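Peer 1: Take this structure first; my questions come after.
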Amino acid sequence: MDYNKLAELLFPNIDKTPEDYELLYPAREKGIVITRLGPSPTGFIHLGNLYGAFVDERLAHQVAKSDRADAKTGSSGIFYLRIEDTDDKRFVEGAVETVINSLKFFDISFDEGATLPGPGEEYGTAESGNYGPYFQSKRGPIYRAFAKRLVSRGKAYPCFLTEEELADIRSQQEADKCTTGIYGKYAEKNRNLSYEEIETNINAGKSYVIRMKSHGDTSYFKLIDGIRGEISMPGNNQDTIILKANGIPTYHFAHVIDDHLMRTTHVVRGEEWLMSLPVHVELFEKLGFPMPTYCHTAVLMKIDEETGNKRKLSKRKDPELSLDYYRNEGYHPQAVKEYLLTILNSNFEEWRAENPDADIDDFNFTTEKMSSAGALFDLNKLNDISKDVLLKIPAEDLADFLVEWAREFKPNILPLLEDRSYLTKILDLGRDEAKPRKDFICAKQMWDFISYFFDEYFVIQDRIPEQVSDEDAKEILKRYLDTYDHSDDQSAWFDKIRSITEELGYAVKPKDYKKHPEEYKGSVAHVSTVIRIALMGRGQSPDVWSIQQILGEDRLRARISELIG
Ligand code: GLU
């Protein structure tokens, strides 16, 4: 068979050669790390994408500690965005924007590749960099040029098997309990078609795909995965499809061509791709491309609340899988990043304990320290980390963050937040004490915690303690208001509460009440709770005196007067 002639028959319009493309996309600067994110534009961006993107970003941008002194000299690598949009059924309008904006929120940005489209800019054209197009849907001629080369070398062939024939082969294989797919004797018929037969089929308008002609060698090969270390797997023997009947490449082919031509050095992707690795290794070999370093990340798992067992995070059951969740709830990106690092690198927490104030980017991230056995995601742990992270953020910045969150997710409270100095004081409350207040987790919950500072949102949520009768509650508040002096310092203020406590028959020391409950109605704690509820609407809050100083005398008097009527 004259394979060159066959290649011309199948790809008459392809005149560029692989060599042309090699010249067009020259090798990049030696020694730099090139990584990429290759999302499909489905509009759903999840924690796994962020997890992978984070690894990509760190690998490309992290300058090894020893090189840090000359970090400015450009030893940093390149992280680019490639849109894998070969499957137009999954396409969702605005998906590229979603990817870019969602990751930007977490401080992850790309150096190259697809970009945000400008006004009126057509889909698939907004990009930057010299290795594009960065949209697979625009790379058709490139894939075909390489497929043409494989055909011309006898390494790929057209296959005319129909849906029915494929189904028959499959059921036969299942009945014989052998591996399904097109390989060995199942591939023979189409592998061995003559030029004339192929030409006749094509002229008759028969549909066909292009399959690679596998070497069929299933002996084990070895490879070093950046995360998993040495991997040993049986070689591929399937005549895998490289171009579908509509001329569009399969993931396998597009991956190999794109990552080669865009000069990717590290392919970070989910472990679900591990089983196709033998196909990719064979394709790299057949095309004569050097192999990148694969880094197969572990699947994100969680402990199922009902069963207590580990399971994969699920789109249907776990809202926390979607990145939108973190934005809606108002998690601070720094907290999510910090948490991701704890699940990404087993030595991160130890490093953090030793370097509590260091910039997160100073941590030396390595793929070797990544778990290959399912990373466990735990919202409670994220919340704990978030509390620590938020405590370190200055109140002014926290106020900005809350306002930005509100702008997007709770715009009706924006006018209330305009008084920035009031808001900052509120957020700073109780933070510079020896045992600082550490209960802020995310913007939504922060707002919930502080909303009583704003009259429009002030509601009595809790009930007064059962030790205090309604008449006593009123009396406590009346006396409190009568004796209140806004200029009292904390101890003068508390002395007055003590007096009220005593006068009304409550114990000034809670332990006296505990010891002799028959002698008192309750204790100073119950009296204080009544005041708390009157002022804040809730029985628990940071220090009341400090809150009053922020609330101001007018608001305080108005709230209590309203209650005592
Ligand atoms: N488009 C593929 C996906 O969304 C990318 C896999 C890869 O990174 O190679 O799963």
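The values are calculated or read from the model by the stated rules, or taken from the named source; none is laboratory data. All values derive from a computational prediction rather than experimental measurement. Positions of Cβ are backbone-derived with ideal geometry, glycine not excepted, and every protein chain shown enters the neighbour counts. The area values use the complete protein model at the heavy-atom level, side chains included, leaving out ligands, DNA and RNA. Shrake-Rupley method; radii C 1.70, N 1.55, O 1.52, S 1.80 Å.
Peer 1: Of the residues in the range 258-300, how many are part of a helix (DSSP H, G or I), of a type outside the set (Phe, Trp, Tyr) and more than 12 Å from the ligand (Cβ to nearest atom)? Working first, answer last.
Peer 2: Quick first cut of the range 258-300, residues part of a helix (DSSP H, G or I) only: 258-261, 271-287.
Filter again for of a type outside the set (Phe, Trp, Tyr), leaving 258-261, 271-272, 274-283, 285-287.
Applying the additional criterion that residues be more than 12 Å from the ligand (Cβ to nearest atom) yields 260-261, 275, 278-279, 281-283, 285-287.
Matching residues across the range 258-300 total 11.
Peer 1: Residue 180 is checked against (1) part of a loop (DSSP other than H, G, I, E, B); (2) more than 16 Å from the ligand (Cβ to nearest atom); (3) out of contact with any Phe, Trp or Tyr (no Cβ under 6 Å at 6 or more places or on another chain); (4) touching a residue at least 40 places away in the same chain (Cβ under 8 Å) and fails just one. What number does that condition carry?
Peer 2: With (1) part of a loop (DSSP other than H, G, I, E, B); (2) more than 16 Å from the ligand (Cβ to nearest atom); (3) out of contact with any Phe, Trp or Tyr (no Cβ under 6 Å at 6 or more places or on another chain); (4) touching a residue at least 40 places away in the same chain (Cβ under 8 Å) applied to residue 180, the lone miss is (4).
Peer 1: If I filter the range 363-373 for residues that are part of a helix (DSSP H, G or I), within 24 Å of residue 329 (Cα to Cα) and not hydroxyl-bearing (Ser, Thr, Tyr), do I get at least one hit?
Peer 2: Filtering the range 363-373 for residues part of a helix (DSSP H, G or I) gives 367-369.
Subset that is within 24 Å of residue 329 (Cα to Cα): none.
No - not one qualifying residue is present in the range 363-373.
Peer 1: A further question follows. Taking the range 264-284 as the search range and keeping residues that are surrounded by fewer than 18 Cβ atoms within 10 Å (Cβ to Cβ) and in contact (Cβ under 8 Å) with a residue 60 or more places away in the chain, which one is farthest from the chain's Cα centre (by Cα)?
Peer 2: Selected residue: 271.
Peer 1: Let me ask something else about it. Among the residues of the range 232-246, count how many are open to solvent by 20 Å² or more (accessible area, probe 1.4 Å) and away from the ligand (no atom under 16 Å from the Cβ).
Peer 2: 8
Peer 1: Let me ask another. Within the range 85-103, work out how many residues are in a loop (DSSP other than H, G, I, E, B), at pLDDT 85 or above and surrounded by fewer than 20 Cβ atoms within 10 Å (Cβ to Cβ). Lay out the reasoning, then the answer.
Peer 2: From the range 85-103, those in a loop (DSSP other than H, G, I, E, B) are 85-87, 91-94; that's our starting set.
Of the ones still in play, those that are also at pLDDT 85 or above are 85-86, 94.
Within this subset, residues satisfying the condition of being surrounded by fewer than 20 Cβ atoms within 10 Å (Cβ to Cβ) are 94.
Of the residues in the range 85-103, 1 are in a loop (DSSP other than H, G, I, E, B), at pLDDT 85 or above and surrounded by fewer than 20 Cβ atoms within 10 Å (Cβ to Cβ).
Peer 1: Filter the range 334-363 down to the residues that are closer than 20 Å to residue 225 by Cβ and buried (at least 17 other Cβ atoms within 10 Å of the Cβ) and list them by number.
Peer 2: To start, the set of residues in the range 334-363 that are closer than 20 Å to residue 225 by Cβ comprises 343-347.
If the condition is that a residue be closer than 20 Å to residue 225 by Cβ and buried (at least 17 other Cβ atoms within 10 Å of the Cβ), then 343, 344, 345 are the ones that fit.
Peer 1: Any residue at all in the range 410-424 that's modelled with pLDDT under 95, buried (at least 18 other Cβ atoms within 10 Å of the Cβ) and either closer than 25 Å to residue 336 by Cβ or touching a helix residue (DSSP H, G or I) at 6+ places or on another chain (Cβ under 6 Å) (or both)?
Peer 2: Initial filter on the range 410-424 (modelled with pLDDT under 95): none.
For the range 410-424, residues modelled with pLDDT under 95, buried (at least 18 other Cβ atoms within 10 Å of the Cβ) and either closer than 25 Å to residue 336 by Cβ or touching a helix residue (DSSP H, G or I) at 6+ places or on another chain (Cβ under 6 Å) (or both): absent.
Peer 1: Find the residue count for the range 376-402, including only residues that are part of a helix (DSSP H, G or I) and either of a type in the set (S, T, N, Q) or open to solvent by 10 Å² or more (accessible area, probe 1.4 Å) (or both). Even if it seems obvious, please write down each step before you answer.
Peer 2: Going residue by residue through the range 376-402, those that are part of a helix (DSSP H, G or I) are 379-392, 395-402.
The next check asks that each one be either of a type in the set (S, T, N, Q) or open to solvent by 10 Å² or more (accessible area, probe 1.4 Å) (or both); those that pass are 379-381, 383-389, 391-392, 396-397, 400-401.
The total comes to 16.
Peer 1: Here's a follow-up. Given the conditions (1) under 48 Å from the mean Cα position of the chain (by Cα); (2) surrounded by 15 or more Cβ atoms within 10 Å (Cβ to Cβ), which single one is not true for residue 501?
Peer 2: Going through (1) under 48 Å from the mean Cα position of the chain (by Cα); (2) surrounded by 15 or more Cβ atoms within 10 Å (Cβ to Cβ) one by one, residue 501 breaks only (1).
Peer 1: State whether the residues of the range 46-64 include one that is surrounded by fewer than 16 Cβ atoms within 10 Å (Cβ to Cβ), within 16 Å of the ligand (Cβ to nearest atom) and modelled with pLDDT under 90. Write out each step before concluding.
Peer 2: The first filter runs over the range 46-64 and keeps only residues surrounded by fewer than 16 Cβ atoms within 10 Å (Cβ to Cβ), leaving 64.
Cutting the leftovers down to within 16 Å of the ligand (Cβ to nearest atom) gives us none.
The answer is no, given that none of the residues of the range 46-64 is surrounded by fewer than 16 Cβ atoms within 10 Å (Cβ to Cβ), within 16 Å of the ligand (Cβ to nearest atom) and modelled with pLDDT under 90.
Peer 1: Which one of these is closer than 25 Å to residue 242 by Cβ and of a type in the set (Ser, Thr, Tyr): 179, 115? Break it down stepwise before answering.
Peer 2: Working: 115 fails: closer than 25 Å to residue 242 by Cβ.
Being closer than 25 Å to residue 242 by Cβ and of a type in the set (Ser, Thr, Tyr) holds for just one of 179, 115, which is 179.
Peer 1: Considering only residues that are free of Cβ contacts under 8 Å to residues at least 60 places away in the same chain and more than 7 Å from the ligand (Cβ to nearest atom), which ones fall in the range 34-45? So that I can check it myself, show each step before the final result.
Peer 2: First pass over the range 34-45, keeping only residues free of Cβ contacts under 8 Å to residues at least 60 places away in the same chain: 40-43.
41, 42, 43, listed by residue number.
Peer 1: Answer yes if at least one residue in the range 213-225 is surrounded by 15 or more Cβ atoms within 10 Å (Cβ to Cβ) and within 20 Å of residue 7 (Cβ to Cβ), and no otherwise.
Peer 2: Step one: list which residues in the range 213-225 are surrounded by 15 or more Cβ atoms within 10 Å (Cβ to Cβ), which gives 213-214, 218, 221, 223, 225.
Next, only the ones that are within 20 Å of residue 7 (Cβ to Cβ) stay: 213-214.
Looking through the range 213-225, at least one residue is surrounded by 15 or more Cβ atoms within 10 Å (Cβ to Cβ) and within 20 Å of residue 7 (Cβ to Cβ).
Peer 1: Right, another one. Looking at this structure, is residue 247 in a loop (DSSP other than H, G, I, E, B), over 28 Å from residue 57 (Cα atoms) and touching a residue at least 40 places away in the same chain (Cβ under 8 Å)? Working first, answer last.
Peer 2: On the way: in a loop (DSSP other than H, G, I, E, B): yes; over 28 Å from residue 57 (Cα atoms): yes; touching a residue at least 40 places away in the same chain (Cβ under 8 Å): yes.
Taking the combined requirement at face value, the residue satisfies it.
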